[in-house]
Amino acid sequence: MRARYGVPLGIAAAGAAGVVYAAGFEVRSFRLRRVTVPVLPAGMRPLRVLQVSDIHMVGGQRKKQRWLRSLAGLRPDFVINTGDNLSDPEGVPEVLDALGPLMEFPGAYVFGSNDYYGPRLRNPARYLLEKAQGRHGLNGNPPVVGAIHNPWEDLRDGFDAAGWLNLTNTRGSLKIEGVTLELTGLDDPHIKRDRYPQVSGGPSVTADFSMGVVHAPYLRVLDSFTADDYPLILAGHTHGGQLCIPFYGALITNCDLDPERVKGLSRHTAEGRTSYLHVSAGCGTNRYTPVRFACPPEATLLTLVPRT
């Protein structure tokens, strides 16, 4: 009996322990990452930008709400929200409450697909199949039928009322202690709402610093930002792979970005130019897959410093 069943039972026990850890501990083990990015012009003072992403708020997530409110203690110069705030049609008030202290600071936002549409239960193995077939979101997949529509307008109105810039396929600017920051944003490429021709042309000559903002880091978007000579691009969407293999990393990115750049700071090259890319692993999950493994939920404090 022991020789025949000992190994399978041991594997089953290890698997069960992993699920308990992923669903009971790591998914609530919120972290702050700190990254320094040398992208500013010479002589400009450092700027501290807090990036929050992929909150995927579900009613009753009190620990997540408390943690998000506590981030205001970092006193960033400005805040960038890279989308997917919702995973519950009733979650708008809790998102606005959790981000309330951060909305006291200058900020800007783009939306992700889960801000517009509620999540659906699906087999996680489909993500691997779509990766193998080169299909992600609505990029190559048939249109979604019977989608749940989230009250994204209420979320937009709350952000706008706080003075945050809506970067949906448009440009905006922030003035911080005499420094003019230009922010160029796109709607979510995952559901083909990006309209880069509306914002193309590269950084404005009147801005002290310019950067690109988008939810999902699809290569067509990264190529466009980089070819237009934006020194920094911020994105989210990937959840850092969400379920990763220790000492190996992510299996999927849920877009056409390579897994090696699924989270954190990297570089992207297009048409002979290079930009820094920062992808946030986000701090939430789809309500139907409330687990994370070897990929803790996070926000990132990026310190932008002059180029060396």
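The values are calculated or read from the model by the stated rules, or taken from the named source; none is laboratory data. This is a predicted model, so every value here is computed, not measured. Please note: Cβ atoms are built from the backbone with ideal geometry, for glycine as well, and neighbour counts cover all protein chains shown. Heads up: the accessible areas ignore ligands, DNA and RNA and are worked out on the full protein's heavy atoms, side chains in. Shrake-Rupley method; radii C 1.70, N 1.55, O 1.52, S 1.80 Å.
Structure above, values below:
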read-out: Which listed residue is under 26 Å from THR170 (Cβ atoms) and either open to solvent by 10 Å² or more (accessible area, probe 1.4 Å) or within 14 Å of the chain's Cα centre (by Cα) (or both), from SER53, SER70; value: SER53
read-out: LEU86 vs. criteria open to solvent by 30 Å² or more (accessible area, probe 1.4 Å) and touching a residue at least 60 places away in the same chain (Cβ under 8 Å); value: no
read-out: Qualifying residue in the range 161-169 (condition: part of a helix (DSSP H, G or I), surrounded by 12 or more Cβ atoms within 10 Å (Cβ to Cβ) and in contact with a Leu (Cβ under 8 Å, 6 or more places away or on another chain)); value: no
read-out: Number of the condition not met by HIS190 [criteria: (1) surrounded by 20 or more Cβ atoms within 10 Å (Cβ to Cβ); (2) in a loop (DSSP other than H, G, I, E, B)]; value: (2)
read-out: Failed criterion for TYR230 (all others in (1) touching a residue at least 12 places away in the same chain (Cβ under 8 Å); (2) surrounded by fewer than 20 Cβ atoms within 10 Å (Cβ to Cβ); (3) farther than 27 Å from LEU71 by Cα; (4) not β-branched (Val, Ile, Thr) hold); value: (2)
read-out: Filtered residue count, the range 110-132, keeping only those that are among the polar types (S, T, N, Q) and outside any helix (DSSP H, G or I); value: 1
read-out: Matching option when the condition is at pLDDT 95 or above and either among the polar types (S, T, N, Q) or in contact with a Phe, Trp or Tyr (Cβ under 7 Å, 6 or more places away or on another chain) (or both), among ASN123, ASN114; value: ASN114
read-out: Subset of the range 285-308 [open to solvent by less than 40 Å² (accessible area, probe 1.4 Å) and in a loop (DSSP other than H, G, I, E, B)]; value: THR285, ASN286, VAL291, ARG292, CYS295, PRO296, PRO297
read-out: Members of the range 212-221 that are under 16 Å from ASN169 (Cβ atoms) and of a type outside the set (Ser, Thr, Tyr); value: GLY212, VAL213, VAL214, HIS215, ALA216, ARG220, VAL221
read-out: Search result, residues across the range 252-284 that are assigned to a loop (DSSP other than H, G, I, E, B) and either hydrophobic (A, V, I, L, M, F, W, C) or open to solvent by less than 10 Å² (accessible area, probe 1.4 Å) (or both); value: ILE252, THR253, CYS255, LEU257, VAL262, SER280, ALA281, GLY282, CYS283, GLY284
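For (1) of a type outside the set (D, E, K, R); (2) out of contact with any helix residue (DSSP H, G or I) (no Cβ under 9 Å at 6 or more places or on another chain); (3) under 24 Å from GLY172 (Cα atoms), each residue gets a yes or a no:
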| residue | (1), (2), (3) |
| --- | --- |
| GLN61 | yes, no, no |
| ASP77 | no, yes, yes |
| GLU104 | no, no, yes |
| TYR109 | yes, no, yes |
| GLY112 | yes, no, yes |
| ARG120 | no, yes, no |
| ALA132 | yes, yes, no |
| ASN141 | yes, no, no |
| ASP154 | no, no, yes |
